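Asker: Would you mind keeping the following structure in view while I ask a few things?
FYI, it's all coordinate maths here, none of it is from the lab. Quantities reported herein were computed from a predicted structural model and do not represent experimental measurements. Using ideal geometry, Cβ is built from the backbone for each residue, glycine included, and neighbour counts are taken over all protein chains shown.
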Amino acid sequence: MKKTILGVLGVLLLCTFWQTVSFAQSSNPAPQIAFDITKTDVDTLLKNAPPAVDQQLRVVDMGKYNLGVGIIHRGPTSDKPGDPISGPYHDETAEVYIILSGGGTLTTGGTMTDKKPSPNYNILNGPGGNGTAGPGAYSRKVSAGDIVLIPPGVLHAWSQITDQVTYLSVRPDPDRVLPGGYVNPLLLKSLPPPVQAK
């Protein structure tokens, strides 16, 4: 648990540093408020969202770039060792996975075979598609407390999940392909009222 907390703090510090550098070089106004994502928000999505579907919690306009945070829960997989491993890639957005519970095998990178761009825009990740891991792909077991940084265009696919894996995905979006200001519809009813200016 300490590793998870330290990892989250590290990612937040990195984002704060990146934000400070970006604003120093940007004419876009910096946000004047902070945005909370509570444990209740995360639990609401995990309880009510469709199974094995990534859920964007919110996308915040940070001034020069957008920043998205999603929660993902995946149940057991039925693959066997040696089966082909297929998964998504995202053309313009990176992801930082922060594993909260459970685990499995995560395969990333390498040359993709059967690469198929998606014809549909994805509100969670922007443009991208799916492919099958090929030469040069790297597989490793990940579990609670681990953090994985996935650059744009890199295949990332789960396999050999024996029970479940639940993780946050932090998505910096310098090209603004994600919709700034997005809030998951399941969370709209729990937003705090706006503060009235005096």
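Asker: With N residues in the stretch 112-174, what two-decimal value do you get for its Cα radius of gyration over 2.2 N^0.38 Å?
Answerer: Against the compact-globule rule of thumb, the ratio is 1.24.
Asker: Count the net charge of all other residues whose Cβ sits under 15 Å from the Cβ of residue 29, scoring Lys and Arg as +1 and Asp and Glu as -1. Mind showing how you got there, number by number?
Answerer: On the way: positive: 64, 176; negative: 61.
Every neighbour counted, the sum reads +1.
Asker: How charged is the neighbourhood of residue 184? Take every other residue with its Cβ under 10 Å from the Cβ of residue 184, and add Lys/Arg as +1 and Asp/Glu as -1.
Answerer: On the way: positive: 58; negative: 41.
Overall, the nearby charge balance is 0.
Asker: Further, regarding this structure: Test of understanding: what is the full-extension gain from residue 130 to residue 34, defined as 0.36 nm times their sequence separation minus their Cα-Cα distance?
Answerer: Working: separation 96, 0.36 × 96 = 34.56 nm, distance 3.43 nm.
Gain in length upon complete extension: 31.1 nm.
Asker: Sticking with this one: Output ³J(HN,Hα) for the stretch 176-184: one whole-Hz value per residue in order, computed from phi by the Karplus curve 6.51 cos²θ - 1.76 cosθ + 1.60 with θ = phi - 60°, and x for Gly and Pro.
Answerer: The phi angles translate into 6, 7, 8, x, x, x, 5, 10, 3 Hz.
Asker: When the chain is fully extended, how far beyond the present Cα-Cα distance does residue 189 get from residue 120, taking 0.36 nm per residue of separation? Please report the intermediate quantities before stating the final value.
Answerer: Numbers: separation 69, 0.36 × 69 = 24.84 nm, distance 2.80 nm.
Length difference between fully extended and current span is 22.0 nm.
Asker: Sorting 99, 147 on the 10 Å Cβ count, fewest up front, what's the list?
Answerer: In increasing order of surrounding Cβ atoms, one gets 147, 99.
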